[in-house]
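The values are calculated or read from the model by the stated rules, or taken from the named source; none is laboratory data. The structure displayed is predicted, hence computed values, not measured ones. Cβ sites come from the backbone with ideal geometry, for glycine too, and all protein chains shown count toward neighbours.
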Amino acid sequence: MTKELVRVQSGVPGLDTILCGGLVKGAAYIVQGSPGAGKTILANQIAFNQIRDGGRALYVTLLAESHDRLFQALSMFDFYDPSAVGRDLFYISLFKVLREEGLAALVNALRNELARHHCTTLVLDGLLIAKDKAESALDVKTFVAELQSHTAFTGCTVLFLTSASIDDVSPEHTMVDGVIQLKEELVGIRTVRQLRISKSRGSAALGGLHQYRISETGIDVYPRLEALLGTPSSEEWLRDERIATGVHGLEQLIGGGLPPAAVTLLMGPAGSGKTTFGLNFLSLATPEKPALYFGFYESPQRLKAKGRALGIDLEALERAGALIILWNPMTENLLDSLGHQLLDTVRQRRVHRLFIDGMTGFERAAVYPGRLSEFYTALTNELRAMGVSSVATLEMRDLNGLAGTDPLPEFTSLMDNLVLLRQAGMHGELRRFIGVVKMRDSAFDTAFHDVVIGPGGLQVANRLIIPGDTVDKDASIASPSVQAPSGA
């Protein structure tokens, strides 16, 4: 019979997910990273979470910054609780013991302090200093083993903090149960922080690098979506009913509506009507089946103003709880942060309709563009599994009409439906057209049709007639506001 490991929650968003359940109770971990990577923040965030859960923690420094300066820095974070210091969380320096009496005396002092305070968590800040005091690699192993045997017996979880190089192969690595590596590097001109679990004895962990962010709340870790969701969290929803688009005249081209729980990609140049299409789609949301706008370009204020101009009352939908608007300006975003924000909102608000205004926003947030296909696969599979009907936009170059081809990103093959929006100058005016390129498991009209943007949003009008073409009168879509084009 397999014995299940007892876990303790770190309190660091995303870290327990990467550790597949949390830190192992009574285990010893090395937290490794260069100065400024966030080791001290991570350790204190974990320690304060442990005392909130009823535990007690001991934070030991070896030739580190003074405790007053440490508290001053920690006071900037939401997790810091000064009333807990000296009551449930104890800070002491044992550098003098190490310097004057050596590693054996340090182990005894740690044992005594842990017993005196009945601690469930120990943080030793300065493992590199302890190593410098050792005369051999065997001394380092003995120090770690003796401390680890005591804490494992008492169920105390240990974090050894060190600024040694991540590439260092050190004797203490062979002794501990886990190694958490923090890495800060420049990618182009931006700083990127990444975390890796390089060792996890007796326990699974999500491999590879995972981005994290330091803010006033502390450290937030974002597990790579393709590692976390290698397969969807549930089976894909397969239903027969069609999903209305809200675009007048489009349902007649696509068999009554979009397939359920499908991902539709709108492709076209700026000004072709992609966002307007999305607003029509969102306008059919209800409090029982809410919608999410997830955008990068339009601020909520500008989006609502656009809706008012089209006669689509987004404010009323938002007040009724039928619409959630999330705006992430296309500045320095993190790809997995965006993915988790989107999926978490869909789960928590039970979103049925999703409009992603600008797939380029994900592309610009990717530090490693080569992983985008895997990211999109995980994202779209999970959306389908949650039964969400999604519409996304992709800006493409204006081809000056309908002729020619435009290279499509690799991820278009992941989409269920492809809809092309185009615009061209004809007879001295700008004309817009719509064409369905792909529709999952459905018959659809392959002809281009005129579209107009006006009161009510985007409307599909008559079939586009090219000189020399013949068209059945019954194939045109009646629209009182649009006349059939005489030619192109």
Worksheet item: Scanning region 297-310 for residues that are of a type in the set (D, E, K, R), in contact with a helix residue (DSSP H, G or I) (Cβ under 9 Å, 6 or more places away or on another chain) and outside any loop (DSSP other than H, G, I, E, B), which turns out farthest from ALA392 (Cα to Cα)?
Response: ARG308
Worksheet, complete the sentence: Across (1) within 23 Å of the chain's Cα centre (by Cα); (2) modelled with pLDDT under 95; (3) not polar (S, T, N, Q), GLY255 clears everything bar (1)
Discussion item. For region 339-358, give me each residue that is over 14 Å from the mean Cα position of the chain (by Cα) and crowded, with 16+ Cβ neighbours inside 10 Å.
Written reply: VAL351, HIS352, ARG353, LEU354, PHE355, ILE356, ASP357, GLY358
Worksheet item: Can you find even one residue in region 62-72 that is in the same structural domain as GLY208 (by TED's automatic domain parsing), crowded, with 22+ Cβ neighbours inside 10 Å and modelled with pLDDT under 95?
Response: yes
Fill in: Number of positions in region 199-252 that are in a strand (DSSP E or B), among the small types (Gly, Ala, Ser) and over 30 Å from MET76 (Cα atoms)
1
Discussion item. Just checking, does region 281-296 include any residue being touching a residue at least 24 places away in the same chain (Cβ under 8 Å), more than 26 Å from LEU343 (Cβ to Cβ) and in a strand (DSSP E or B)?
Written reply: no
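Residue-by-condition table, conditions (1) closer than 24 Å to LYS306 by Cβ; (2) surrounded by fewer than 15 Cβ atoms within 10 Å (Cβ to Cβ); (3) acidic (Asp, Glu):
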{"residue": "SER413", "(1), (2), (3)": "no, yes, no"}
{"residue": "LEU421", "(1), (2), (3)": "yes, no, no"}
{"residue": "HIS427", "(1), (2), (3)": "no, yes, no"}
{"residue": "ILE434", "(1), (2), (3)": "yes, no, no"}
{"residue": "LYS438", "(1), (2), (3)": "no, no, no"}
{"residue": "PHE448", "(1), (2), (3)": "no, no, no"}
{"residue": "VAL452", "(1), (2), (3)": "yes, no, no"}
{"residue": "GLY457", "(1), (2), (3)": "yes, no, no"}
Worksheet entry | Given (1) under 19 Å from THR151 (Cα atoms); (2) surrounded by fewer than 16 Cβ atoms within 10 Å (Cβ to Cβ); (3) in contact with a Lys or Arg (Cβ under 9 Å, 6 or more places away or on another chain), number of the condition ALA115 does not satisfy | (3)
Worksheet item: Which ones in region 170-212 are in contact (Cβ under 8 Å) with a residue 24 or more places away in the chain, of a type outside the set (Gly, Ala, Ser) and more than 29 Å from ALA130 (Cα to Cα)?
Response: VAL187, ARG190, VAL192, LEU206, HIS210, GLN211
Item to complete: Can you give me the number of residues within region 155-194 that are within 27 Å of CYS119 (Cα to Cα) and outside any loop (DSSP other than H, G, I, E, B)?
Response: 15
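Conditions (1) at pLDDT below 90; (2) within 38 Å of the chain's Cα centre (by Cα); (3) under 19 Å from LYS39 (Cβ atoms), marked per residue:
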| position | (1), (2), (3) |
| --- | --- |
| LEU106 | no, no, no |
| LEU124 | no, yes, yes |
| ILE129 | yes, yes, yes |
| LYS133 | yes, no, no |
| LYS141 | yes, no, no |
| HIS150 | yes, no, no |
| ASP168 | yes, yes, yes |
| SER203 | yes, yes, no |
| LEU206 | no, yes, no |
Practice prompt. Determine which member of the set THR331, THR286 is modelled with pLDDT under 95 and either assigned by TED's automatic domain parsing to the domain that holds ARG432 or not basic (Lys, Arg) (or both).
Written response: THR331
Item to complete: Inspect all residues belonging to region 362-374 and state whether any of them is under 21 Å from ILE214 (Cα atoms), crowded, with 19+ Cβ neighbours inside 10 Å and not β-branched (Val, Ile, Thr).
Response: yes
Worksheet entry | Considering residues of region 280-303 that are charged (D, E, K, R) and touching a strand residue (DSSP E or B) at 6+ places or on another chain (Cβ under 8 Å) only, the residue farthest from GLY249 (Cα to Cα) | GLU298
Item to complete: Looking only at region 73-104, count how many residues are loosely packed, with under 13 Cβ neighbours inside 10 Å and more than 43 Å from the chain's Cα centre (by Cα).
Response: 3
Worksheet item: Are any of the residues in region 39-61 on the phi > 0 side of the Ramachandran plot and in contact (Cβ under 8 Å) with a residue 12 or more places away in the chain?
Response: no
Response to the item:
The number of residues in region 253-269 that are assigned to a loop (DSSP other than H, G, I, E, B) and touching a residue at least 40 places away in the same chain (Cβ under 8 Å) is 7
